[in-house]
Amino acid sequence: MAQATHAAADLARVRRIVNSLHVYLAPGGAYHARVVRSLRYYDDNNWVALDLLDAAQVLHDPSLLQPVKQIFAFLTTGWDAKLGGGIIWADGKLDRPTVSTAPAISIALRLAAATHDPSYRAWADRLYAWMNTALRDPNGLYYDHIDGSTGAIDRDLVSYNQGVMIQANLDYYSATGRRRICARPSRSPPPRQRPFKGRGIIPATTPPSTPSISWRSPICMPPRPTRQTWLLPAPTCSGPGRWPPPRERCATRTRCWSRRHLC
């Protein structure tokens with residue numbers, strides 16, 4: 001909401017939420033799943049890092065990059081080099097799901113743009129290469145996870161896994177300008193022509209927060225970032241020409257983060 005309105009009350013609410021995160025903080029800068037000591041989930045820490053990057057942008061507070069760096073350092077400890085790569089799901093849970101690895105690509109690319117530290121770009125390249133080697137199906141969609149015990153691939157195609165990889169491809173387009181990367185999310189026919197297999201587009205057991213988190217970034221994309229918008233997610237390149245077209249508006253008339261367009 002604060003990204004759309006920039007209203008003082010909404011900005012204050014963002015600040016209160018950021019300040020409340022300390023109750024979940026674990027030693028080393030990662031976040032527990034609950035206020036009491038509990039598991040540290042790598043996918044949950046991805047969401048916290050992405051939210052802190054968004055908060056840094058909307059609050060104009062670069063100090064929020066420091067906790068993002070700490071979270072990313074934690075994410076790299078989940079990289080399972082013994083089994084060929086991928087970030088595990090949680091402490092002691094060795095499955096390697098798309099939602100643990102794919103969002104870390106976006107975090108690494110945005111940290112690379114913000115800090116000019118080449119190690120973040122190197123991690124982004126490593127994570128991206130693994131996702132496209134290990135979990136990408138022949139049609140350009142992404143499987144759910146690799147079993148930590150057997151190494152078997154769970155080949156369910158679930159929409160929220162596609163959302164995080166759409167975001168990763170868009171962020172790579174932002175960093176490189178290579179439209180070949182940007183075209184990857186749309187290689188397969190849309191769901192109406194090619195229904196998702198397995199559990200379906202959104203499994204009935206999935207809480208609403210999961211697809212809403214995973215699909216949040218591709219919904220409203222600003223133009224390609226400039227020096228002033230280095231914290232923003234990357235642009236979408238669907239459709240002809242630049243996005244969004246001049247004066248284009250959608251039904252919600254929500255203002256994009258660039259403030260230059262209505263999306």
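Taken together, the values in this text are just the output of simple stated rules run on the coordinates, not laboratory data. These figures come from a predicted structure and were not determined experimentally. In this analysis, Cβ positions are derived from the backbone assuming ideal geometry, glycine residues included, and neighbour counts consider all displayed protein chains.
Considering only the other residues whose Cβ falls under 13 Å of the Cβ of A73, what net charge follows from Lys and Arg at +1 and Asp and Glu at -1? Before the final figure, lay out each step's value.
Numbers: positive: R40, K69; negative: D117.
Here the count lands on +1.
Residues whose amide H comes within less than 5 Å of that of Y31, counting only those at least five positions distant or on another chain, are A26 (H built at 1.01 Å from N in the peptide plane). Site pair D61 and V23 shows an inter-label distance of 1.7 nm when each label is modelled 7 Å from Cα along Cα→Cβ.
You can think of it this way: the chain between A33 and A73 has 12.6 nm of extra reach, that is 0.36 nm per residue less the Cα-Cα gap. Summing charges over neighbours of S149, with a neighbour being any other residue whose Cβ is under 14 Å away from its Cβ, gives -1 when K and R count +1 and D and E count -1. Computed from the C-beta positions of A12 and A122, the FRET efficiency with R₀ = 35 Å rounds to 0.40. The phi-based Karplus calculation (6.51 cos²θ - 1.76 cosθ + 1.60; θ = phi - 60°) puts the 3J(HN,Hα) values of segment 114-121 at 7, 10, 6, 8, x, 5, 5, 5 Hz, whole numbers, x for Gly and Pro.
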